[in-house]
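To start, the structure itself, in C-alpha cells.
The values are calculated or read from the model by the stated rules, or taken from the named source; none is laboratory data. Fair warning: this is a prediction, and the values are worked out from it, not measured in the lab. Neighbour counts run over all protein chains shown; Cβ positions are idealised from the backbone, glycine included. Surface accessibility is based on the protein's heavy atoms, side chains included, excluding ligands, DNA and RNA. Shrake-Rupley method; radii C 1.70, N 1.55, O 1.52, S 1.80 Å.
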Amino acid sequence: MKSPIIFLIGTGIGKDSRGFESHILDLFDKVKNEVSFEAYLVKGAGSECDNEIRIANLHRKSFAAKLLGALFGKNAHVIQQFTFFLGLIPALYRLRPTTLYLGEPGLFNQLYRWRNFSSMNFRMVFYTGGNTVPLKMGSHDFLQLVTPVMIPLAKTRGIQPEQMKIIPHFVNFDKQSGNYQDVKNALRKKLNIRDDQLILISVGALDSSVKRMDYVIDEVSHLSVPCFLIMLGEFEDETPTIRKLAEKKLGGNFYLNKVSRDDLPDFYKASDIFLLASLSEGFGLVTIEALLYGLPVLVHQHDVSRFVLGDMAFYSDLSKKENLKQLIEHTIPNAHNADSEARKKYVGARYSWDCLKQDYLKMLTDSANKKIRK
C-alpha cells in the first residue's frame, strides 16, 4: 500500500529567513525519513534535493509583486502567496498529497477554495506561528495552536475543539552545549567590539512596524553603560531607515545584517542579553533560541510571551518610552549568573524535538489517515 504523502509548505523558503521558514525547514529535517508517510518540502526558491519541490512565484520583495499589489490593492505578500498557489496546483495533481502543512493564511484560504472547487481530497494542517487563524477550515482539517492564546478566535470561526492541537514550536536542543568564550572573543575582534561593552542582540525583521527596531535603538542609545547592539533579520522596506537611525544614535556601536541560520548560533553565543520589542507574537521562536544559549531574554508582557517563557524572561510594558532601557539596566547584574543553565534546561524540558516529537508525528499521521466527510 502506498504511503500517505505530506507537503510541508513555505512560500518564502529559499529567500526569507523568518519564523515561517525556520519552522518548516526544521520540521522537514526531522520527519523526512519517517516510514509512516512520505514528506516533501515545498518551497519558493533554491535548489531541489530529494523530496523537495520548488514552486515558481513572485517574491513579496520583487518589483512585480509590489506593482501587482498596488494595482489590485493587495499586500505584496498576498501576491506572492497567490502566484505560489497557481504554481502549486500541478504538483497537487501530480503527487496527490494527503495532507498539506502550512502557516500562511492567504495560501490556506486559496487552497481551501480550490479544494471545494476541484473536489480534491487533501487535508490541511494550519499552524498558528504567525499569530493568525484561517477564516474557514474544513471539518477534516487540523489547527495546530503553538500557544492556547488563539483558542477563543478559533472558536469564533467555527473550528471545533477536536480539530485543535496545542503543540508549540521546537528547537534543536541537542546541538547546543559547551563554553562560548572563544566565540565571544572572535566576534568581538571581528566587529571591533571593546572588551568593556555589553553585547545586546535582537533578532527579527529589521523593521519599525512589527519588531520595532527603532524603539530598540532609541532605548539602547540612552543607556549609561557602554553597549554594542547587534540586530539580525530579514531586510524590509524600513531597513534603510533603521540603519540611518542606528548610525545617528549609536555611532559605530552597532551591527545590522541578515545572516544565515548556520551563522546565527555564534551571535547568540557571543551576546550578553537578548531583546525583543514586538508588542505581539504568535510564538517568538527567537526567544526560545536565546534561552537555549543561556541568555537573559527581555520582552513585552503579553499572553503569548508569558505562556512561552514563563519565569525564564524579564518583562515590561515595552509600548512605553524608557521601559526597555530600565529593564536592561535591571537585567545587567544578572546577565552572567547561574540562571543560564536553568534557561537551557527549561528549553530542553518543553521545546526540544525529543519532547515534542510524538505530538508532531501523531498530528501528521492522524491528518494523513483521517477520512474526509463529504
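Can you tell me, using C-alpha contacts under 8 Å and at least 6 residues apart, the relative contact order of the stretch 223-374 as a whole percent?
Value for the stretch 223-374: 18 percent.
Relative contact order for the chain: what percent, with Cα pairs under 8 Å and sequence separation of 6 or more?
Relative contact order, the chain: 15 percent.
Where a ≥ b ≥ c are the square roots of the eigenvalues of the C-alpha gyration tensor, would you call the stretch 135-279 rounded, which needs a/c under 1.5, or, failing that, prolate if a/b is larger than b/c, or oblate?
It is prolate, given that a/c is not under 1.5 and a/b is the larger ratio.
Straight-line reach from Lys136: which lysines fall under 21 Å, measuring Cα to Cα and dropping same-chain residues less than 8 apart?
Lys136 reaches Lys74, Lys155, Lys165, Lys370, Lys371, Lys374.
Please compare each pair in Lys211/Lys321; Lys249/Lys325; Lys244/Lys269; Lys190/Lys258; Lys211/Lys244; Lys66/Lys211 to a cut-off of 19 Å on the Cα-Cα distance and tell me which ones are over it.
Checking Cα-Cα distances, Lys244/Lys269; Lys66/Lys211 exceed 19 Å.
Relative contact order for the stretch 174-294: what percent, with Cα pairs under 8 Å and sequence separation of 6 or more?
Computed value for the stretch 174-294: 34 percent relative contact order.
Based on the alpha-carbon gyration tensor of the stretch 12-160 and its eigenvalue square roots a ≥ b ≥ c, which shape applies: rounded if a/c is under 1.5, prolate if not and a/b is larger than b/c, or oblate?
rounded
To the nearest 0.05, how large is the calculated FRET efficiency for Lys136 and Leu86 if R₀ is 22 Å and r is the Cβ-Cβ distance?
It comes to 0.60.
How many nm is it between the label spots at Arg157 and Ser340, if each spot is 7 Å from the Cα in line with the beta carbon?
Label at Arg157, label at Ser340, 4.1 nm between them.
So, with a 1.4 angstrom probe, what is the percent of accessible area on the stretch 1-131 that is carbon and sulfur?
The computed percentage sits at 56.
Among (1) 22.0; (2) 19.2; (3) 38.5, which is the computed mean projected area of the Cα convex hull in nm²?
Structure-derived value, by its label: (2).
Holding the Cα-Cα limit at 29 Å, pick out from Lys30/Lys344; Lys184/Lys345; Lys320/Lys345; Lys61/Lys248 the pairs that are longer than that.
The answer is Lys320/Lys345.
Hey, can you find the accessible area per residue of the chain for me, probe 1.4 Å, expressed in square angstrom?
45 Å²
Using helices alone, what [θ] at 222 nm do you get for the chain, with -39,500 (n - 2.57) per DSSP H run of 4 or more residues, divided over all residues and rounded to the nearest 500?
-12500 deg cm²/dmol
Rg and Dmax in Å for the stretch 249-374, alpha carbons only: what are they?
Rg then Dmax for the stretch 249-374, in Å: 17.8, 63.
Does the stretch 219-305 come out rounded, prolate or oblate, given a ≥ b ≥ c as the square roots of the eigenvalues of its C-alpha gyration tensor, rounded meaning a/c under 1.5 and, failing that, prolate meaning a/b above b/c?
Rounded, since a/c falls under 1.5.
Enter the mean projected area of the convex hull around the alpha-carbon atoms of the stretch 1-66, in nm², rounded to one decimal.
4.9 nm²
Would you please put 326-333, 290-297, 208-215 in order of how densely packed they are, using the mean number of other Cβ atoms within 10 angstrom per residue and starting with the highest?
Descending mean neighbour count gives 290-297, 208-215, 326-333.
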